[in-house]
Amino acid sequence: MRRFLFIAILSVACNVFAAPDFSRDVLPILSDTCFKCHGPDANARKAKLRLDVEAEAKKEVIIPGKSAESEIIARIFSEDADELMPPPETNLKLTAAQKATLKAWVDAGAKWGKHWAYESLKPVAVPKVKQANWPRDGIDTFILSRLEQEGLKPSAAADRITWLRRVTLDLTGLPPTLPEVDAFLKDKSPKAFETVVDRLLASPRYGERMAWDWLEAARYADSNGYQGDRERTMWPWRDWVVRAFNANQPYNDFTVEQIAGDLLPNATEEQVLATGFNRNHMINGEGGRIAAENRVEYVFDQTETVGTVWMGLTLNCCRCHDHKFDPLSQKDYYSLYSFFNQTPVNGGGGDPAMAPNIQVGTPEQKKEIADLEKQIASLKEKPKIDAAKKRIAGLRKSFPKVMVMRDGTKRETRVLTRGTYNKPTEIVVQSRPPAELPPLPKGAPTNRLGLAQWLMSRDHPLAARVTVNRIWQQFFGTGLVKTAEDFGVQGEKPSHPQLLDWLSLQFIDSKWNLKAMHRRIVLSATYRQASRVTPALRERDPGNRLLARMTRQRLPSWMIRDQALFISGLLVEKRGGPPVRPYQPAGIWAEATFGKKRYTQGKGEDLYRRSLYTFWRRIIGPTMFFDESKRQTCQIRPSRTNTPLHALITLNDITYIESARAMAQRVLLKNNPDDRARLTHAFRLATAREPKPAELAVLLKRIRQLRAKYSEAQAPANAVLTVGDSKRDESLNATEHAAYTVLCNLILNLDEVITRE
């Protein structure tokens, strides 16, 4: 009897101690199963019952502390189909655990709260851990604390070569060179890791790597989209992004200039150019288009892109009605829309340089003008001075036009019925943030500049969290919040909520220093872990959400291409300028545009530039890439797939065959004495490490087979050696070169090479 009583008391005590948290445990259940009919959307609401508002819910169906008297509990446990909630016809069903959670929450007092993402950022104490010698940073302490709670331990550190390749790819998009590998292995100083990271952060390759993800988010492309898909000139904005990352522009300035650089006092050309971010949307130039409708669609796109990139909110859901899950009304949507509705763009035509725009010269044009201006200062003959001035004027006139932002005559903004451009309601809205979020900072203007300042204010609960989460996603494959594009009620809960908030405050307190945040992450013990998956970890944490190991992930296709060119020695690291047109099937554009567009392949160095500079047509992206968006809308979370179709590209595309040929040539010209030395060198170029004896044995066997194959007939060897425009060294034996080309293609396709360990 005493034993039974003790257990009963202990059970009650545990239940009280473990009372469900509203934001973490209860709100997701209500959102998934109840809000569709009893949530924010007044038009879809049933029985005039709201479960998203505390006062309404507790007035009607929830009696705190009394689950037996609460209608909501009676309904979810009912066996009567007419009484049961959610109704059977909705195909929604609560699990036994969810029912128990709701009951326990009501019995514990039904304590309410905001969704975690809308809560203001508050200081977070770094937890205490048992394994105190493991953390290198506060990041590690939070990760370790969770692992210890789960009865897990972090993995051993990755070997130095693995870490070096990992961090070099993550920060520059390219693998380390062999001299860099050797130097790091030789450096036994305590600051060896820091030295590598600081070198990578200072590299101009850093900005190119970081720019790619931003271009995806900004829906950057070199054409308008839609059937006409006219080409446009937005590459000067792309180059601005690269420069901003390399200069480590504070993220708050980076944000303000892109949203509202034109509204800054005495705005510079660079600040106005930055606003091209807002003009990366598609432009409809099709026949029969309606200008007014187009203009509204462009403003929708600008509003929703900012909402996704800086707030992680699915604003498009409340374009036509109140949000069904989040506390965002249709009025809130159009109040944000109003910030962008002052554009003078009328929506007519498909001009890819649709005003407002500015003329921005190429780096070469700007250099020539600077040189001419220096000459004018020293010239005395008027005809020469006049000629130089005429040349300058001609150059300035030829500058490409880039679309940017300007505000025009203030427009009245009304809520649109179902988002329809020509059906305004009587509801007039002013430019303001959503009611659920903090107001504009005191003194902030009610325009895009005020909006940008609001996003970057310390009081804003979303911007820092959303950005830090996206940074985490970049390095670990998955954000602390898996749904990086959705921080709303329907999004996934953070795996480490305290770490997310701690990092967000660290980011703000660093004055929004991106490089400092990247440095902190890649030097952490969490990032240094090996990626080996044990059977125990696969069972306990298959998605690696607890981070007891490093996440192994397939390189994005653009990085695989750049890597192949880099290893081969073909990569041309020219930066900026108009987009280039590397190898691609000649008829691919024509087929997608009913014969209206033809692909003209570039020549020379244009074939070997980094993928960042490849011409991007919206209706059909570059064929050498896979798992990439068409850049028609904002994309925050990249897709990663693994199908045999990928190998069709990496084994057969011209770029990869030519890269293998150039890599083979590089290996053969190294004057290595034998196959063993040559193959070791080739393997190191691709993986950064020496092959194991068993691996080397396989490669030796394969090169002998290939040598025998190509020695029998010259035609197959010539077929391999003539792929691509780059010239081969004719002094090399054709049989030997062909054999090593195919062998190098094999190496470039190794799982270890196309994967970041």
Would you be able to say whether some residue in the range 700-715 is in contact with a strand residue (DSSP E or B) (Cβ under 6 Å, 6 or more places away or on another chain) and either more than 30 Å from VAL522 (Cβ to Cβ) or not hydrophobic (A, V, I, L, M, F, W, C) (or both)?
-> no
Does the range 279-288 include one or more residues that are among the acidic types (Asp, Glu), surrounded by fewer than 20 Cβ atoms within 10 Å (Cβ to Cβ), at pLDDT below 95 and assigned to a loop (DSSP other than H, G, I, E, B)?
-> yes
Of (1) at pLDDT below 95; (2) assigned to a helix (DSSP H, G or I), PHE475 fails just (1)
Within the bounds of the range 424-446, is there any residue that is under 22 Å from the mean Cα position of the chain (by Cα), outside any loop (DSSP other than H, G, I, E, B) and surrounded by 16 or more Cβ atoms within 10 Å (Cβ to Cβ)?
-> no
Would you pick out the residues in the range 101-114 that are in a loop (DSSP other than H, G, I, E, B) and buried (at least 22 other Cβ atoms within 10 Å of the Cβ)?
-> ALA110
Among the residues of the range 161-214 satisfying the criterion of being surrounded by fewer than 21 Cβ atoms within 10 Å (Cβ to Cβ) and either outside any helix (DSSP H, G or I) or assigned by TED's automatic domain parsing to the domain that holds TRP472 (or both), which is nearest to the chain's Cα centre (by Cα)?
-> SER203
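Report whether or not LYS48 is over 25 Å from GLN330 (Cβ atoms) and either at pLDDT below 90 or not charged (D, E, K, R) (or both).
no
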Read through the list (1) under 24 Å from PHE277 (Cβ atoms); (2) surrounded by fewer than 22 Cβ atoms within 10 Å (Cβ to Cβ), then give the number of the only condition that LEU152 fails.
-> (1)
Helices (runs of 4 or more DSSP H) fully within the range 30-87 counting 2 or more residues that are of a type outside the set (Asp, Glu), in contact (Cβ under 8 Å) with a residue 12 or more places away in the chain and touching a Lys or Arg at 6+ places or on another chain (Cβ under 8 Å) | 35-38, 71-77
Among the residues of the range 608-616, is any surrounded by fewer than 19 Cβ atoms within 10 Å (Cβ to Cβ) and either among the hydroxyl-bearing types (Ser, Thr, Tyr) or in the same structural domain as VAL723 (by TED's automatic domain parsing) (or both)?
-> no
Just name the residue that is surrounded by the fewest Cβ atoms within 10 Å (Cβ to Cβ) out of those in the range 14-38 that are closer than 15 Å to GLY109 by Cα and modelled with pLDDT under 50.
-> PHE17
Checking LEU451, LEU395 in turn, the sole residue that is crowded, with 16+ Cβ neighbours inside 10 Å and modelled with pLDDT of 95 or more turns out to be LEU451
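Pick from the range 702-731 the residues that are outside any helix (DSSP H, G or I) and over 20 Å from TYR608 (Cβ atoms): which of them is farthest from the chain's Cα centre (by Cα)?
Per the stated criteria, the residue is ALA713.
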Could you please let me know if ALA274 is small (Gly, Ala, Ser) and either modelled with pLDDT under 95 or not in a helix (DSSP H, G or I) (or both)?
-> no
Could you tell me which of the residues LEU84, LEU92 is within 38 Å of the chain's Cα centre (by Cα) and in the same structural domain as CYS34 (by TED's automatic domain parsing)?
-> LEU92
Count of the range 429-445 residues which are aliphatic (A, V, I, L, M) and more than 21 Å from ARG319 (Cα to Cα) | 2
Does the range 534-550 include one or more residues that are of a type in the set (A, V, I, L, M), surrounded by 18 or more Cβ atoms within 10 Å (Cβ to Cβ) and within 21 Å of the chain's Cα centre (by Cα)?
-> yes
The condition of being within 18 Å of MET210 (Cβ to Cβ) and modelled with pLDDT of 95 or more holds, among ASP239, ASP262, only for ASP239
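The values are calculated or read from the model by the stated rules, or taken from the named source; none is laboratory data. The structure displayed is predicted, hence computed values, not measured ones. Using ideal geometry, Cβ is built from the backbone for each residue, glycine included, and neighbour counts are taken over all protein chains shown.
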